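*Asks:* Can you read through this structure? Questions will come right after.
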Amino acid sequence: MNKKGQITIFVVVAIILIAVISLFYLFKDNLRSSGSGEYDYIYSFVEECIKDVGKSATYYVSERGGYFIPSELSAEEIPYYYYSGQSYLPSKEQIEDEISKYVNEMLFFCTQNFVDFSEINISQGKINSKTHVHEEEIIFEVEYPITIQKGENTVIIKDFENIPIFMKLGSIYDLSSEIIEQQKGNNETCLTCPLNFAIEHDLYVDISLYNNDTILYLIEDQDYSPSLKFKFLNKYN
């Protein structure tokens, strides 16, 4: 074979190689794009579940004065924050932990073992969530190990971070704390004391007689639908 023929063969082979490599990377990118979209959809699905369960947790815990499991010092699952001269106000960190307990227990029931993704093999690990309560929002950080297998592809998702819901639980807690601080050393109820704070933060406060020596406080965020209701009791004798 002459030199010219050899050069022609090399050129043809080079062109074929370039075409094959280009097609490979194009096909590979398309596969990655398709898989990534599918995995992103699963991530978004879990994220929405975290928001939904986080809202349910906030409603549930608020109705019980900041507790997932009712306080030992409570009546009809409503805790006493003030009892015969002693404060039993939980810390904000305690309330955050109670919300996290709810999320840890209930998130699985929202994802439903991923039955909506039957064409994909999905395994899951233990859920561990952290809740951060701010004035007008609640942030969830959830560690939820999920292994996704489809064909020869395996993807592991673990952390779901900075997931917000917008509720004024932080402001409600601050108002509750202010009410209890006012009660310390003063065995009488100040009906007007919480009003300025409530007006400033656009909250509704209802104070009613629970029984002869106990007052029921209801602090409500009516900007949300349904409204967020936070309850606790103060006993004076």
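*Asks:* Collect the residues in segment 163-194 that are under 30 Å from GLN124 (Cβ atoms) and either among the β-branched types (Val, Ile, Thr) or modelled with pLDDT under 95 (or both), keeping them in residue-number order.
*Replies:* Keep residues of segment 163-194 that are under 30 Å from GLN124 (Cβ atoms), which gives 163-167, 169.
Within segment 163-194, ILE163, ILE165 qualify.
*Asks:* Okay, moving on. Given (1) surrounded by 15 or more Cβ atoms within 10 Å (Cβ to Cβ); (2) within 19 Å of GLY66 (Cα to Cα), where does SER227 come up short, assuming only one miss?
*Replies:* Here SER227 clears every test but (1).
*Asks:* Can you confirm whether PHE114 is in contact (Cβ under 8 Å) with a residue 12 or more places away in the chain, aromatic (Phe, Trp, Tyr) and surrounded by fewer than 17 Cβ atoms within 10 Å (Cβ to Cβ)?
*Replies:* Considered against the rule, which asks whether it is in contact (Cβ under 8 Å) with a residue 12 or more places away in the chain, aromatic (Phe, Trp, Tyr) and surrounded by fewer than 17 Cβ atoms within 10 Å (Cβ to Cβ), PHE114 comes out as no.
*Asks:* Let me ask something else. Filter segment 62-85 for residues that are within 21 Å of SER227 (Cα to Cα) and either assigned to a strand (DSSP E or B) or among the hydrophobic types (A, V, I, L, M, F, W, C) (or both) and give the result. Reasoning before the result, please.
*Replies:* So in segment 62-85, the residues within 21 Å of SER227 (Cα to Cα) come out as 62-68, 76-79.
Residues satisfying the conditions are PHE68, ILE78, PRO79.
*Asks:* Restricting attention to segment 160-179, does a residue exist that is among the acidic types (Asp, Glu), part of a helix (DSSP H, G or I) and either in contact with a Phe, Trp or Tyr (Cβ under 9 Å, 6 or more places away or on another chain) or under 18 Å from GLU63 (Cα atoms) (or both)?
*Replies:* Yes; the residues of segment 160-179 include at least one that is among the acidic types (Asp, Glu), part of a helix (DSSP H, G or I) and either in contact with a Phe, Trp or Tyr (Cβ under 9 Å, 6 or more places away or on another chain) or under 18 Å from GLU63 (Cα atoms) (or both).
*Asks:* Considering only residues of segment 196-214 that are more than 27 Å from the chain's Cα centre (by Cα) and hydrophobic (A, V, I, L, M, F, W, C), which is modelled with the lowest pLDDT?
*Replies:* Looking at the filtered set, the residue picked out is ILE199.
*Asks:* Additional query: Tell me whether segment 148-156 contains one or more residues that are crowded, with 19+ Cβ neighbours inside 10 Å, outside the structural domain of PRO226 (by TED's automatic domain parsing) and either among the hydrophobic types (A, V, I, L, M, F, W, C) or part of a strand (DSSP E or B) (or both).
*Replies:* yes
*Asks:* Can we say TYR144 is in a helix (DSSP H, G or I), surrounded by 15 or more Cβ atoms within 10 Å (Cβ to Cβ), at pLDDT 95 or above and of a type outside the set (Val, Ile, Thr)?
*Replies:* Here the answer is no, as TYR144 does not meet what is asked.
*Asks:* Something else: Tell me, yes or no, whether segment 206-223 has at least one residue that is part of a helix (DSSP H, G or I) and touching an Asp or Glu at 6+ places or on another chain (Cβ under 7 Å).
*Replies:* Looking for residues that are part of a helix (DSSP H, G or I) and touching an Asp or Glu at 6+ places or on another chain (Cβ under 7 Å), one finds none in segment 206-223, hence no.
*Asks:* Of the residues that sit in segment 61-101 and are within 19 Å of GLU181 (Cβ to Cβ) and of a type in the set (D, E, K, R), which one is surrounded by the most Cβ atoms within 10 Å (Cβ to Cβ)?
*Replies:* LYS92
*Asks:* Same structure, new question: If you go through segment 124-159 one residue at a time, how many are without any contact (Cβ under 8 Å) to a residue 40 or more places away in the chain and closer than 30 Å to GLU200 by Cα?
*Replies:* Residues meeting the conditions: 7.
The values are calculated or read from the model by the stated rules, or taken from the named source; none is laboratory data. Everything numeric here is computed off the predicted structure, so don't read it as measured data. Because the Cβ atoms are built from the backbone with ideal geometry, glycine has one as well, and the counts that use them run over all protein chains shown.
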